[in-house]
1. Restricting the first residue to the stretch 1-15 and requiring it to be basic (Lys, Arg), which pairs with a second residue that is at pLDDT 95 or above meet a Cβ separation below 7 Å and a spacing of at least six or different chains?
2. Examine the stretch 46-53 for a residue that is among the acidic types (Asp, Glu) and farther than 19 Å from Met128 by Cβ, and state whether such a residue exists.
3. From the list Ser82, Ser54, Ser98, which residue is at pLDDT 95 or above and among the small types (Gly, Ala, Ser)?
4. Surrounded by 15 or more Cβ atoms within 10 Å (Cβ to Cβ), without any contact (Cβ under 8 Å) to a residue 24 or more places away in the chain and either among the aliphatic types (A, V, I, L, M) or touching a Phe, Trp or Tyr at 6+ places or on another chain (Cβ under 9 Å) (or both): does that describe Val29?
5. Hey, could you check the stretch 75-109 for residues that are in contact with an Asp or Glu (Cβ under 7 Å, 6 or more places away or on another chain) and part of a loop (DSSP other than H, G, I, E, B) and say which is surrounded by the fewest Cβ atoms within 10 Å (Cβ to Cβ)?
6. Looking only at the stretch 32-74, count every residue that is surrounded by 12 or more Cβ atoms within 10 Å (Cβ to Cβ) and either in contact (Cβ under 8 Å) with a residue 40 or more places away in the chain or assigned to a loop (DSSP other than H, G, I, E, B) (or both) and tell me the total.
7. Name the pairs whose Cβ atoms lie under 6 Å apart, with the first residue in the stretch 94-106 and touching a residue at least 24 places away in the same chain (Cβ under 8 Å), the second of a type in the set (S, T, N, Q), and 6 or more positions between them or separate chains?
8. Quick one: Gln112 ticks every box in (1) over 21 Å from Met12 (Cα atoms); (2) touching a residue at least 40 places away in the same chain (Cβ under 8 Å); (3) in a strand (DSSP E or B) except a single one, so which number is it?
Amino acid sequence: MADYALKQIDEMEATFLGGMKKARAELGVESFGMQVIDLPPNFDRYPAHDHSESGQEEVFVVLRGGGEMEIGAERVALDADSILRIGPEETRKVVSGSEGIRLLALGGTPGQAYEAPEVTQLGAPDPMAR
């Protein structure tokens, strides 16, 4: 039997009130982080954060829609032809545009084995559900 996994994004388990699909866990990926972020139109409440504690760098690929990424004091435009890398020390925040945005987020820490955060595991409770 061939070693592969195929899943539809909209059928993947989600967390953060549906805003993050657990793509890594759904596909059985263990060597790097991979999630799909779905934000509705004109959403500006995505939490600003960095990965200075873990050292994880991230790459974002726009799958549909558009918006901006706040990186420190700068804002860069994101559209369907964009791929963006952000180093671990930089604060980042996604702001969706008028069509919303779907991002593929890939992450890992250079020189270290990947350790998946609990929230990305299948069946883990949604930290935003009450």
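1. Correct list of pairs: Lys7/Glu26; Lys7/Leu27.
2. Step one: list which residues in the stretch 46-53 are among the acidic types (Asp, Glu), which gives 50, 53.
Remaining after also requiring farther than 19 Å from Met128 by Cβ: 50, 53.
For the stretch 46-53, residues among the acidic types (Asp, Glu) and farther than 19 Å from Met128 by Cβ: present.
3. Among Ser82, Ser54, Ser98, only Ser98 is at pLDDT 95 or above and among the small types (Gly, Ala, Ser).
4. yes
5. Glu89
6. Total meeting the criteria: 28.
7. Ala105/Gln35
8. (3)
The values are calculated or read from the model by the stated rules, or taken from the named source; none is laboratory data. As the structure is a computational prediction, the values presented were derived from the model and not from experiment. In this analysis, Cβ positions are derived from the backbone assuming ideal geometry, glycine residues included, and neighbour counts consider all displayed protein chains.
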